[in-house]
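Okay, structure first, notes after.
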Amino acid sequence: MAEVMQPMIRLEGVSKSFGSLEVLQAVDLDVAKGEFLVLLGASGCGKSTMLNLISGFEPPTKGQVVVNGRRVKDVEPACGMVFQQYALFPWKTVVENVEFGLKMRGVGRTERRERALQFVESVGLKGFQDAYPAKLSGGMKQRVSIARVLANDPSVMLFDEPFAALDAMTRQVLQEQLLSIYQKSGKTIVFITHSIDEALMLSTRMIVMGSKPGRVVQDIKNDLPLPRSADIQLSPRYVELKRSIWETVQVEVMKGLESH
Ligand SMILES: Nc1ncnc2c1ncn2[C@@H]1O[C@H](COP(=O)(O)OP(=O)(O)O)[C@@H](O)[C@H]1O
Ligand SMILES: [Mg+2]
């Protein structure tokens, strides 16, 4: 008998309202272990809210969220979140920022320093371990945030528009690094972006959300082979997937404009 794989993340009939505003309506979604899911959709359609429900920062109004087989009731330790704003401790060095979570979990000084340095290296910041955040560029700060989440070894990594504030070149470098980390670690990732190109570059699956209320309007597998580099944008399959996503996004954006 085939083994039935339990999804890493499951949303079952999840609705979320803030007062009279219904942000998400009856969302059902399964994310398999090792998937790299990208969420696309117009501003305000409920993407950040969806991540906050998965991570347990917010409770659903209806339905339930299950992560790694357990119902999410409080801030979920299996999830690590990376935000657009770096949220680093300015008075701590790079390596001190990265080892903070390990310290909180009682990992001893020598071991946590050793592990933190490995993660600093894995995001390409070798040599910068003793620098303070103020001395770093935006891209470097974001790499520290990623290393800090990796050090906590969460099963699920959640990214809320992490590269939106970065210039195009830095963004490309970070995308390639994140893909390589993803391929090595096998982690389950849910990643929000406004960029269809970023979605196509990173994901193994893409979801386009509609607004008012937020729900899934397109769910499409990204079968572009891994590893990927920027030149994949020239392939016919890339163009085909991009057109399909673009059409849905356009329809949703137009609906949003009409309802204003
Ligand atoms: N804590 C909150 N209280 C009240 N309204 C909220 C709260 N969080 C989000 N919203 C509203 O929910 C809607 C969806 O927000 P959000 O999930 O941040 O959208 P997105 O990330 O897709 O831009 C928006 O209208 C926003 O104003
Ligand atoms: Mg948001």
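Using Cβ counts within 10 Å as a stand-in for footprinting exposure, how do 246, 91 rank, fewest first? Don't skip to the end; give the middle numbers.
Details: 246 13, 91 10.
The fewest-first ordering by Cβ neighbours comes to 91, 246.
Near residue 63, the amide H atoms lying under 5 Å from its own belong to 15; only residues 5 or more places off or on other chains count, and H is placed 1.01 Å from N. Modelled spin labels at residue 30 and residue 194, positioned 7 Å past Cα toward Cβ, are 3.4 nm from each other. The angle between the Cα long axis of helix 236-258 and the main principal axis of the chain comes to about 70°, on a 0 to 90 degree scale. Evaluate Rg over Rh across the chain, taking Cα atoms for both radii and Kirkwood's formula for Rh. With Rh from the inverse mean 1/r over Cα pairs, Rg/Rh is 0.97.
Listed by Cβ neighbour count within 10 Å, with the fewest neighbours leading, 161, 121 appear as 121, 161. Using amide H atoms built in the peptide plane, which far-off residues or other-chain residues are under 5 Å from residue 58 H to H? Counting only residues 5 or more places away or on other chains, the set is 53.
So if we plug the beta-carbon distance of residue 103 and residue 75 into 1/(1 + (r/R0)^6) with R0 = 30 Å, what FRET efficiency do we get, rounded to 0.05? Before the final figure, lay out each step's value.
Numbers: r = 18 Å, r/R0 = 0.60.
Calculated value: 0.95.
Each residue of the stretch 98-108 is assigned a 3J(HN,Hα), and the resulting list reads 5, 8, 3, x, 5, 4, 4, 8, x, 6, x Hz, derived from the Karplus form 6.51 cos²θ - 1.76 cosθ + 1.60 (θ = phi - 60°), x at Gly and Pro.
Considering only 149, 172, 48, the residue lying farthest towards the positive end of the dipole of the chain is 149, judged by Cα position with unit charges set on Cβ.
Rounded to the nearest 0.05, what FRET efficiency do residue 223 and residue 173 give with R0 = 22 Å and r taken as the Cβ-Cβ distance? Could you check?
Details: r = 25 Å, r/R0 = 1.12.
After rounding, the FRET efficiency stands at 0.35.
Applying 1/(1 + (r/R0)^6) with R0 = 25 Å to the Cβ-Cβ distance of residue 233 and residue 83, what FRET efficiency is obtained, to the nearest 0.05? Write down the numbers at each step before the final one.
Values: r = 27 Å, r/R0 = 1.08.
Efficiency, from the Cβ-Cβ distance: 0.40.
Computed per residue of the chain from DSSP H runs no shorter than four, each worth -39500 (n - 2.57), the mean residue ellipticity at 222 nm is -11500 deg cm²/dmol.
Using only the alpha-carbon atoms, how far is helix 168-185 inclined from the longest principal axis of the chain? Give it as 0 to 90 degrees, nearest 10. Result, in degrees: 80.
In terms of its C-alpha gyration tensor, the stretch 88-153 has a prolate overall shape, because the principal axis ratio a/c (a ≥ b ≥ c, square roots of the eigenvalues) is not below 1.5 and a/b outweighs b/c. Length gained on full extension, residue 64 to residue 258: 66.6 nm, using 0.36 nm per residue less the C-alpha separation. In this structure the amide hydrogen of residue 209, modeled in the peptide plane, comes within under 5 Å of the amide hydrogens of 40, 41, 217, none closer than 5 places in sequence on its chain. Using a simple spin-label model with pseudo-atoms 7 Å out from Cα toward Cβ, residue 12 and residue 110 lie 4.7 nm apart. On a C-alpha basis, how far is the centre of the stretch 181-239 from the centre of the stretch 24-53 in Å? Whole number, if you could? The stretch 181-239 and the stretch 24-53 have Cα centres spaced 13 Å from each other.
Only the coordinates and a few stated rules stand behind these numbers; no lab work does. Bear in mind that the values here come from a model prediction, so they are computed numbers and not experimental data. Positions of Cβ are backbone-derived with ideal geometry, glycine not excepted, and every protein chain shown enters the neighbour counts.
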